[in-house]
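Novice: Structure incoming, see below.
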Amino acid sequence: MKLKNVVFALILLCSLISLVLAHHSFAMYDQTKTLTMTGKLTRFVLGANHAQLLFELLGPDGKPQLDANGKPVVWGVETGSAKQLAGAGITVETFPYGTIFTVSLWQLRDGRNFGAMTLTGGRLIGCGMTFPEGGCNEKTGRVYLNGGDTQVNDARRLGR
């Protein structure tokens, strides 16, 4: 009877540990290439695990990029948690609707206009409400996120 209880407790403990360590894989993103794009924020979605920035893609001249139907091309990017963003100085007040920003991301493998901010070498640069001359970059805007701890982030990316 005691052996059964010990085995049950070990199984339960392993299950709980895996739940605590569980996090979605980055396998759905094409990690072989990083896209860097500039957009105009249309929605800031806070989440406990991840936040999302939804934006209309802007060209190098600051004008909206249009699809074949003449509508703005919309993209989204998943970032860290709301707590991580707040620690980097990013809130809904610092990134209101209409904010111009540049982000590095890995696109979804299926080609949809959504990605995850790259964990190593990724950047998030805010440039305010007007498109700066020369584009939105580290010289014309504020760098909010710039990569991070490579060892920790590589382990997350590899699903460890």
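Every number here is computed from the coordinates shown, using simple stated rules; none is lab data. These numbers were taken from a predicted model, which means no experiment stands behind them. Here Cβ is always computed from backbone atoms with ideal geometry, including for glycine, and neighbour counts include all displayed protein chains.
Novice: Could you order peptides 100-112, 81-93, 36-48, 58-70 by the average number of other Cβ atoms within 10 Å of their residues, highest first?
Specialist: 100-112, 36-48, 81-93, 58-70
Novice: Okay, moving on. How would you rank 72-79, 136-143, highest first, on the average number of other Cβ atoms within 10 Å across their residues?
Specialist: On the way: 72-79: 20.2, 136-143: 15.2.
Highest-to-lowest ranking by the protection proxy: 72-79, 136-143.
Novice: Could you work out how much longer the chain between residue 63 and residue 139 gets when fully extended? Use 0.36 nm per residue separation minus the Cα distance between them, nm to one decimal.
Specialist: Extra length available between residue 63 and residue 139 comes to 25.4 nm.
Novice: Would you calculate the separation in nanometres between label points at residue 108 and residue 45, each defined as 7 Å from the Cα along the Cα-to-beta-carbon direction?
Specialist: Placing both labels 7 Å along Cα→Cβ, they lie 1.0 nm apart.
Novice: Could you work out the local net charge near residue 47, counting Lys and Arg as +1, Asp and Glu as -1, over the other residues with Cβ closer than 11 Å to its Cβ?
Specialist: With Lys, Arg at +1 and Asp, Glu at -1, the neighbours total 0.
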